[in-house]
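Novice: This is the structure I want to talk about, given as structure tokens.
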Amino acid sequence: MGWLTSHERFLKPSRTRAAFLLLGAAAFATTEFGRFVCRPYVRRHAIDDLGFTDSIGNLGGILVMIFIGCAALNPTREQSFRLAAFYSTGFIVYEFLQPFLPRGVFDWMDVIGTGIGYLISLPILVAVWHVSGPQESPITS
């Protein structure tokens, strides 16, 4: 059994995989709404949202990555939590590398947005696995 996925589950269709795909699509739509509707509105009307709409790409983006990653890799319950932590850590490391990249800008709000997105994903992962039932439990060899 792999750390983030397993060969046995990678090609196996499942209801959990479909649920993660739908969650990823919903997170993507919500993120893009935030970026292209809410952010311009907040800026146009000089609303102080404490930088929330400026970091919506990270907050929503991590949710998209986690759920689409789970849909693509079809991990077990334990692996899905590892995958969420792996993607979140990657987003945060990338943010800290921004000053060393061409035109990169480090922003603490992006780090916080990623952390909040990760924390939002955890109860959703618990709910998906609770609803999916025992048929989606880890495969035993």
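Just so you know, all these numbers are worked out from the coordinates, no wet-lab data involved. Everything numeric in this text was worked out from a predicted model, so none of it was measured. Methodologically, a virtual Cβ is constructed for each residue, glycine included, from the backbone with ideal geometry; neighbour enumeration extends over all protein chains shown.
Novice: Keeping to the range 38-69, report how many residues are closer than 19 Å to residue 122 by Cα and aliphatic (A, V, I, L, M).
Specialist: Result for the range 38-69: 8.
Novice: Residue 72 passes all but one of (1) without any contact (Cβ under 8 Å) to a residue 12 or more places away in the chain; (2) more than 27 Å from residue 14 (Cβ to Cβ); (3) aliphatic (A, V, I, L, M); which number fails?
Specialist: (2)
Novice: Looking only at the range 1-29, how many residues end up being of a type outside the set (A, V, I, L, M), crowded, with 16+ Cβ neighbours inside 10 Å and either assigned to a helix (DSSP H, G or I) or under 13 Å from the mean Cα position of the chain (by Cα) (or both)?
Specialist: Counting residues in the range 1-29 that are of a type outside the set (A, V, I, L, M), crowded, with 16+ Cβ neighbours inside 10 Å and either assigned to a helix (DSSP H, G or I) or under 13 Å from the mean Cα position of the chain (by Cα) (or both) gives 6.
Novice: Then there is this: Given the condition without any contact (Cβ under 8 Å) to a residue 24 or more places away in the chain and surrounded by 16 or more Cβ atoms within 10 Å (Cβ to Cβ), answer yes or no: does some residue in the range 81-92 qualify?
Specialist: Yes, the conditions are met somewhere in the range 81-92.
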